[in-house]
Amino acid sequence: MSSDPGVKVQRHQRGMAWVHVERRGIAEERLEETLGRAVREWRGKVGMTQAQLAELSGLTQGAISRLEHGKCMPTFPLLERIARAFGSALLVSMEPDRGVTVTFAGDAEVA
(Lines give C-alpha, C1' and ligand atoms only; values in the text may rest on other atoms or scores of the structure.)
Protein backbone atom coordinates (compact mmCIF):
# COMPACT_ATOMS: atom_id res chain seq x y z
CA MET A 1 0.00 0.00 0.00
CA SER A 2 1.17 3.52 -0.77
CA SER A 3 2.53 5.67 2.04
CA ASP A 4 0.85 8.69 0.42
CA PRO A 5 -2.22 9.73 2.49
CA GLY A 6 -4.06 10.79 -0.69
CA VAL A 7 -3.82 7.30 -2.22
CA LYS A 8 -6.05 4.38 -1.30
CA VAL A 9 -5.31 0.91 -2.67
CA GLN A 10 -7.86 -1.79 -2.07
CA ARG A 11 -8.82 -5.24 -3.27
CA HIS A 12 -12.43 -6.31 -3.53
CA GLN A 13 -13.32 -9.83 -2.40
CA ARG A 14 -14.01 -10.85 -6.02
CA GLY A 15 -10.46 -10.01 -7.02
CA MET A 16 -11.11 -6.53 -8.40
CA ALA A 17 -8.48 -4.06 -7.30
CA TRP A 18 -8.46 -0.30 -7.47
CA VAL A 19 -6.32 2.72 -6.79
CA HIS A 20 -8.11 5.86 -5.67
CA VAL A 21 -6.17 9.14 -5.64
CA GLU A 22 -7.62 12.29 -4.08
CA ARG A 23 -6.36 15.79 -4.72
CA ARG A 24 -8.46 17.23 -1.92
CA GLY A 25 -5.78 16.69 0.75
CA ILE A 26 -3.05 18.24 -1.35
CA ALA A 27 -4.24 21.77 -2.09
CA GLU A 28 -1.16 22.85 -4.00
CA GLU A 29 -1.17 19.79 -6.28
CA ARG A 30 -2.20 20.47 -9.87
CA LEU A 31 -4.69 18.26 -11.72
CA GLU A 32 -1.98 16.87 -13.99
CA GLU A 33 0.03 15.85 -10.90
CA THR A 34 -3.00 14.04 -9.47
CA LEU A 35 -3.57 12.19 -12.75
CA GLY A 36 0.12 11.31 -13.02
CA ARG A 37 0.23 10.06 -9.45
CA ALA A 38 -2.75 7.78 -10.13
CA VAL A 39 -1.07 6.34 -13.24
CA ARG A 40 2.20 5.77 -11.34
CA GLU A 41 0.43 4.10 -8.40
CA TRP A 42 -1.69 1.82 -10.60
CA ARG A 43 1.28 0.87 -12.78
CA GLY A 44 3.17 -0.11 -9.63
CA LYS A 45 0.25 -2.11 -8.27
CA VAL A 46 -0.13 -4.16 -11.46
CA GLY A 47 3.64 -4.69 -11.64
CA MET A 48 4.18 -2.94 -14.97
CA THR A 49 7.26 -0.95 -15.94
CA GLN A 50 7.13 2.42 -17.68
CA ALA A 51 8.57 0.72 -20.78
CA GLN A 52 5.81 -1.92 -20.76
CA LEU A 53 3.10 0.72 -20.35
CA ALA A 54 4.66 2.76 -23.15
CA GLU A 55 4.66 -0.21 -25.51
CA LEU A 56 1.06 -1.18 -24.70
CA SER A 57 -0.21 2.39 -25.02
CA GLY A 58 1.80 3.34 -28.11
CA LEU A 59 3.63 6.11 -26.26
CA THR A 60 7.31 6.54 -25.49
CA GLN A 61 8.78 5.76 -22.08
CA GLY A 62 9.69 9.44 -21.82
CA ALA A 63 6.04 10.42 -22.39
CA ILE A 64 4.95 8.03 -19.63
CA SER A 65 7.56 9.52 -17.28
CA ARG A 66 6.38 13.08 -18.03
CA LEU A 67 2.76 12.02 -17.46
CA GLU A 68 3.56 10.30 -14.14
CA HIS A 69 5.48 13.33 -12.87
CA GLY A 70 2.72 15.80 -13.76
CA LYS A 71 4.80 17.52 -16.44
CA CYS A 72 1.99 17.47 -19.03
CA MET A 73 -1.80 17.71 -19.04
CA PRO A 74 -3.07 14.50 -20.64
CA THR A 75 -5.84 14.65 -23.21
CA PHE A 76 -8.88 12.38 -23.06
CA PRO A 77 -7.58 10.27 -25.98
CA LEU A 78 -4.27 9.80 -24.15
CA LEU A 79 -6.06 8.77 -20.94
CA GLU A 80 -8.14 6.33 -22.98
CA ARG A 81 -4.94 4.77 -24.36
CA ILE A 82 -3.53 4.44 -20.84
CA ALA A 83 -6.74 2.82 -19.53
CA ARG A 84 -6.81 0.43 -22.50
CA ALA A 85 -3.15 -0.49 -21.92
CA PHE A 86 -3.95 -1.33 -18.30
CA GLY A 87 -7.20 -3.09 -19.22
CA SER A 88 -8.74 -1.02 -16.44
CA ALA A 89 -11.48 1.52 -15.93
CA LEU A 90 -10.30 5.08 -15.32
CA LEU A 91 -12.70 7.37 -13.49
CA VAL A 92 -12.08 11.08 -12.91
CA SER A 93 -14.50 12.98 -10.71
CA MET A 94 -14.57 16.70 -9.93
CA GLU A 95 -16.89 17.99 -7.25
CA PRO A 96 -17.32 21.53 -5.93
CA ASP A 97 -15.67 21.92 -2.52
CA ARG A 98 -14.58 18.27 -2.58
CA GLY A 99 -11.74 18.40 -5.10
CA VAL A 100 -10.72 15.87 -7.70
CA THR A 101 -10.56 12.09 -7.43
CA VAL A 102 -8.93 9.72 -9.91
CA THR A 103 -9.67 6.00 -9.68
CA PHE A 104 -8.27 3.07 -11.66
CA ALA A 105 -10.15 -0.19 -11.25
CA GLY A 106 -9.71 -3.56 -12.90
CA ASP A 107 -9.64 -7.30 -12.61
CA ALA A 108 -5.90 -7.49 -13.32
CA GLU A 109 -3.69 -9.34 -10.90
CA VAL A 110 -2.14 -6.84 -8.55
CA ALA A 111 1.51 -7.32 -7.65
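Of a type in the set (A, V, I, L, M), part of a loop (DSSP other than H, G, I, E, B) and either open to solvent by 70 Å² or more (accessible area, probe 1.4 Å) or modelled with pLDDT under 95 (or both): does that describe MET73? For MET73, the condition - of a type in the set (A, V, I, L, M), part of a loop (DSSP other than H, G, I, E, B) and either open to solvent by 70 Å² or more (accessible area, probe 1.4 Å) or modelled with pLDDT under 95 (or both) - is met.
Remark: LEU35 falls outside the filter, which requires a residue to be at pLDDT 90 or above, part of a strand (DSSP E or B), of a type in the set (A, V, I, L, M) and within 15 Å of THR101 (Cβ to Cβ).
So which residues in the range 38-70 are among the small types (Gly, Ala, Ser) and outside any helix (DSSP H, G or I), if there are any at all? Before the answer, list the steps.
So the first thing to find is which residues in the range 38-70 are among the small types (Gly, Ala, Ser), and the list is 38, 44, 47, 51, 54, 57-58, 62-63, 65, 70.
Correct list: GLY47, GLY58, GLY70.
Taking the stated definitions as given, is VAL100 β-branched (Val, Ile, Thr), open to solvent by 30 Å² or more (accessible area, probe 1.4 Å) and in a strand (DSSP E or B)? Considered against the rule, which asks whether it is β-branched (Val, Ile, Thr), open to solvent by 30 Å² or more (accessible area, probe 1.4 Å) and in a strand (DSSP E or B), VAL100 comes out as no. Annotation: of all residues in the range 76-90 being exposed (fewer than 14 other Cβ atoms within 10 Å of the Cβ) and on the phi < 0 side of the Ramachandran plot, the one that is nearest to the chain's Cα centre (by Cα) is ALA89.
The set of residues in the range 96-107 being under 19 Å from ARG37 (Cα atoms) and either at pLDDT below 80 or of a type outside the set (Ser, Thr, Tyr) (or both) consists of ARG98, GLY99, VAL100, VAL102, PHE104, ALA105, GLY106.
The values are calculated or read from the model by the stated rules, or taken from the named source; none is laboratory data. Note that the structure is a prediction, hence the values are computed from the model and not measured. Methodologically, a virtual Cβ is constructed for each residue, glycine included, from the backbone with ideal geometry; neighbour enumeration extends over all protein chains shown. Ligands, DNA and RNA are stripped out before the accessible areas are found, and what is left, the full protein with its side chains, is counted by its heavy atoms. Shrake-Rupley method; radii C 1.70, N 1.55, O 1.52, S 1.80 Å.
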